[in-house]
Amino acid sequence: MQYADIVIAALGVLAVAWIADLLSGKRGYFAALLVAGVGAVCGWFLPIRVFANTTMDSWQWVIWALGGAVFSLVAYYLFRNKR
């Protein structure tokens with residue numbers, strides 16, 4: 001169970017993208033997954049490298065990563081080009 005936090009973060013990003021795709025309609029799961037994945041990487045980067053308040057040994061970065069995924073999906077659906 002050494003990498004359980006990484007697996008949970010990845011499954012969380014998949015679930016957040018799936019929920020966002022269900023709520024949004026016709027944009028597609030791949031677009032939501034791409035945006036959520038990039039947001040999760042940014043959310044991981046902030047507490048680990050920028051703020052330096054946690055390490056990969058704790059579970060705090062998982063919450064930051066999922067928060068980054070949610071934030072990026074909200075921004076994506078809020079500011080996307082509507083044709």
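Go through Leu46, Leu73, Leu66 for me and flag whichever is over 19 Å from Tyr3 (Cβ atoms) and within 9 Å of the chain's Cα centre (by Cα). Even if it seems obvious, please write down each step before you answer.
Numbers: Leu46 fails: within 9 Å of the chain's Cα centre (by Cα); Leu66 fails: over 19 Å from Tyr3 (Cβ atoms).
Result: Leu73 is the single residue among Leu46, Leu73, Leu66 that is over 19 Å from Tyr3 (Cβ atoms) and within 9 Å of the chain's Cα centre (by Cα).
Looking at this structure, is Gly25 out of contact with any His (no Cβ under 9 Å at 6 or more places or on another chain) and at pLDDT 95 or above? Give the derivation first.
On the way: out of contact with any His (no Cβ under 9 Å at 6 or more places or on another chain): yes; at pLDDT 95 or above: no.
Answer is no for this residue.
Restricting attention to region 54-83, report how many residues are at pLDDT 85 or above, out of contact with any Ser or Thr (no Cβ under 6 Å at 6 or more places or on another chain) and not hydroxyl-bearing (Ser, Thr, Tyr).
15
Within region 3-18, can one find any residue that is assigned to a loop (DSSP other than H, G, I, E, B) and among the hydroxyl-bearing types (Ser, Thr, Tyr)? It would help to see each step written out before you state the result.
Residues of region 3-18 assigned to a loop (DSSP other than H, G, I, E, B): 3.
Add one more test, that the residue is among the hydroxyl-bearing types (Ser, Thr, Tyr), and what stays is 3.
Yes, some residue in region 3-18 is assigned to a loop (DSSP other than H, G, I, E, B) and among the hydroxyl-bearing types (Ser, Thr, Tyr).
Checking the structure you have, find out if any residue of region 37-46 is touching a residue at least 40 places away in the same chain (Cβ under 8 Å) and part of a helix (DSSP H, G or I).
Step one: list which residues in region 37-46 are touching a residue at least 40 places away in the same chain (Cβ under 8 Å), which gives none.
Among the residues of region 37-46, not one is touching a residue at least 40 places away in the same chain (Cβ under 8 Å) and part of a helix (DSSP H, G or I), which makes the answer no.
Do you know which residues across region 47-83 are in contact (Cβ under 8 Å) with a residue 40 or more places away in the chain and of a type in the set (Phe, Trp, Tyr)?
Trp59, Trp61, Tyr76, Tyr77
Give me a count of the residues in region 1-38 that are surrounded by 11 or more Cβ atoms within 10 Å (Cβ to Cβ), over 12 Å from the mean Cα position of the chain (by Cα) and of a type in the set (Phe, Trp, Tyr).
Count: 1.
Can you confirm whether Phe51 is out of contact with any His (no Cβ under 7 Å at 6 or more places or on another chain) and at pLDDT below 90? Working first, answer last.
Values: out of contact with any His (no Cβ under 7 Å at 6 or more places or on another chain): yes; at pLDDT below 90: yes.
In short, yes.
Taking region 3-41, which residues are among the aromatic types (Phe, Trp, Tyr) and over 20 Å from Asp57 (Cβ atoms)? Quick ask: steps written out before the conclusion?
Step one: filter region 3-41 for residues among the aromatic types (Phe, Trp, Tyr), giving 3, 18, 29-30.
Matches in region 3-41: Trp18, Tyr29, Phe30.
I'd like to verify a number: residues in region 49-83 that are among the polar types (S, T, N, Q) and part of a helix (DSSP H, G or I), how many?
Quick first cut of region 49-83, residues among the polar types (S, T, N, Q) only: 53-55, 58, 60, 72, 81.
Pick out the ones that are also part of a helix (DSSP H, G or I) and you get 60, 72.
Result for region 49-83: 2.
Of the residues that sit in region 49-63 and are surrounded by fewer than 17 Cβ atoms within 10 Å (Cβ to Cβ) and of a type in the set (A, V, I, L, M), which one is farthest from the chain's Cα centre (by Cα)?
In this case the residue turns out to be Ala52.
The values are calculated or read from the model by the stated rules, or taken from the named source; none is laboratory data. Keep in mind it's a predicted model, so treat the numbers as computed, not measured. So basically every Cβ, Gly included, is an ideal-geometry build from the backbone, and we count neighbours across all protein chains shown.
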